[in-house]
Every structure is written in structure tokens, then in C-alpha cells.
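Quick note: the coordinates plus some simple rules give every number you see, no bench work behind them. Predicted model, so just to flag it, every value in this text is computed and none were measured. All Cβ positions, even for glycine, are placed from backbone atoms using ideal geometry, and neighbour counts span all protein chains on display.
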């Protein structure tokens, strides 16, 4: 989850991800993206590990699978043909085809220690469960009432 009030759009999360996953500092190879809606909103976008993930369901080759415990989406590179149906199905824009590849990629939480979260200078990124996100949204709505 990205706190839009803290995110400055610096792109360090993109660089951290691309460095870890592709061994290069290239935001086009990142599995997290900074969405810039000028001039007011910057927000990092990554996989939300949806229940019954549309990206997994839409794959005609069954190249995407979802871990039932963690929710992490895995891509079988031998099955993926880069058709982009999963990209179209993801309403968050979190599935990508990194530059220079023909296979999709999605955040895999870096084996439980996401470098993007660790390196975010404003601490705008958090790893939260769906229940924690809902609780946070409710608390925020109540605060706005008073």
C-alpha cells in the first residue's frame, strides 16, 4: 500500500526493484510503478495480491498461479507468451512486461523482504493485509468526521 500523502514520486522504489530483479537501475524493468497524476498526486502501484486475482483467471495459458497462503502471483516463464491478457485484467496496472522481455512480471514481495519498502525515504510504502487496509480506511474516515 502506498500512502499518497507521503509519496513524493521520487522513483527510488522503482530503482530498488529493478536493481534487485534485473540487476540494473532501470525503472522500465521494475515491478512497481510510480503513477504521477500531476501536479498533486504521486503513488507507487504494485500487485495487491487480489483474492481470485483477475490476472490469474484471465491467462489463457495458465502461466500465472497464485499461492493460496501468501497470495503471491507467480509466472511460469515457460508457459507465458506475453499476450498481455493479464495486464488488461489487472485494474491496478500492477502486471507489467519489463523492458527487454516478452514475459510478464508482478511483485513477488522479494521473498518477504521488499526492498522498495525498506528503501522508501518517506516511508510511504507499507505491507498490509486486506483487513489492515480496511481498518486504516475506516479510522481515516472517522478522523475526517471530527
(message) With a cut-off of 8 Å between alpha carbons and a minimum separation of six or more residues, what is the relative contact order of the stretch 48-106 in percent?
(response) 31 percent
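Neighbour counts of other C-beta atoms within 10 Å: give me 58, 140 arranged from fewest to most. It would help to have the intermediate numbers written out before the result.
Details: 58 17, 140 9.
Starting with the residue having the fewest Cβ neighbours, the order is 140, 58.
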(message) Starting from a Cα-only point model with no solvent, please compute log10 I(q)/I(0) by Debye for the stretch 7-61 at q = 0.26, 0.31 1/Å.
(response) -0.93, -1.05
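Taking the inverse of the average 1/r across all pairs of different Cα atoms in the stretch 60-146, what Kirkwood radius in Å do you get?
Details: mean 1/r = 0.0647 Å⁻¹.
Taking every pair of different Cα atoms in the stretch 60-146, averaging 1/r and inverting gives 15.5 Å.
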(request) Quick one: pull the percentage of alpha-carbon pairs in the stretch 48-106 with a separation above 14 Å. (result) 46 percent
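Which value in Å is the Kirkwood Rh of the chain over different Cα pairs?
Working: mean 1/r = 0.0623 Å⁻¹.
After inverting the pairwise mean of 1/r, the radius is 16.0 Å.
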(message) If you fit an axis through the alpha-carbon atoms of helix 130-145 and take the longest principal axis of the Cα set of the chain, what angle between them do you get, 0 to 90°, nearest 10?
(response) 30 degrees
(message) Taking the beta-carbon count within 10 Å as an exposure proxy, list 142, 104 from fewest neighbours to most.
(response) 142, 104
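Stretched out fully, how many nm does the piece from residue 77 to residue 143 gain, at 0.36 nm a residue minus the Cα gap? Kindly include the intermediate steps, with their values, before the conclusion.
Working: separation 66, 0.36 × 66 = 23.76 nm, distance 4.60 nm.
Gain in length upon complete extension: 19.2 nm.
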(request) Arrange the following residues from fewest to most other Cβ atoms within 10 Å of their Cβ: 29, 102, 21, 144. (result) 144, 102, 21, 29
(request) Compute the relative contact order of the chain as a whole-number percentage, counting only Cα pairs closer than 8 Å that sit 6 or more residues apart in sequence. (result) 25 percent
